[in-house]
Amino acid sequence: MRRDVDAVRLGTFLKALGESAKGETTVYLTGGATAVLHGWRQTTVDVDLKLEPERDEVFRALPGLKERLEMNVELAAPDGFLPELPGWRERSHFVTREGLVTFRHYDFYAQVLAKVERGHARDLADVKAMLERGLVEPTRLREMFAAIEPMLYRFPAVDPPTFRAALETALAGPNGVAPGGLRS
């Protein structure tokens, strides 16, 4: 049985993963790892990540780290479920550097759109937290959606009108005001 991951265990994992790399790479953290590091959740059930460039030695280290640290690790990022957002790498905030690995949060706009599309209660709570903390801005989020909307046909599981409606619902708070007081 794997244990939930808190900030301390996540830090241990990042350090160990950094030690495994023999060349420069960037690891993008997404989902629960972002929530834990930003403090709106105390724990996450897994660590979702994406490597660029992919490094064989890092992949080989993952099974042992998962066992030793009793945690779930998934190779998952928003671009596996939705089209890449323009400029996502530049908007991916720095977390830390361990060894030859730079850790970044995967672009918050991409994370929010992926969570809205998925629509699970925990995902929508994360969206609310990201809006309240100002990690994403509603107008810019709509612009990001518009940028990828023409490419959604490449993701047959995604229904664009339903996705757009879910985004508007996520952005609308009481009286049409998005969380954080921003007019939606």
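The values are calculated or read from the model by the stated rules, or taken from the named source; none is laboratory data. This structure is a prediction, so every number in the text was calculated from the model and none was measured. Counting neighbours? That spans all protein chains shown, and the Cβs are built from the backbone with ideal geometry, glycine included. Note: areas computed on protein heavy atoms with side chains; ligands, DNA, RNA excluded. Shrake-Rupley method; radii C 1.70, N 1.55, O 1.52, S 1.80 Å.
When Gly64, Gly31 are screened for being in contact (Cβ under 8 Å) with a residue 12 or more places away in the chain and out of contact with any His (no Cβ under 9 Å at 6 or more places or on another chain), only Gly31 passes.
Of the residues making up segment 133-156, those that are in contact (Cβ under 8 Å) with a residue 60 or more places away in the chain and surrounded by fewer than 16 Cβ atoms within 10 Å (Cβ to Cβ) number 4. In summary, Thr30 fulfils each of the numbered conditions (1) open to solvent by 30 Å² or more (accessible area, probe 1.4 Å); (2) closer than 30 Å to Arg154 by Cα; (3) touching an Asp or Glu at 6+ places or on another chain (Cβ under 7 Å) with the single exception of condition (1).
Put simply, of Glu117, Glu90 the only residue that is surrounded by 17 or more Cβ atoms within 10 Å (Cβ to Cβ), of a type outside the set (Val, Ile, Thr) and either more than 10 Å from the chain's Cα centre (by Cα) or part of a strand (DSSP E or B) (or both) is Glu117.
Does Glu54 satisfy being free of Cβ contacts under 8 Å to residues at least 40 places away in the same chain and not in a helix (DSSP H, G or I)?
yes
Restricting Ala61, Ala146, Ala129 to those that are assigned to a helix (DSSP H, G or I) and within 18 Å of the chain's Cα centre (by Cα) reduces the list to Ala129.
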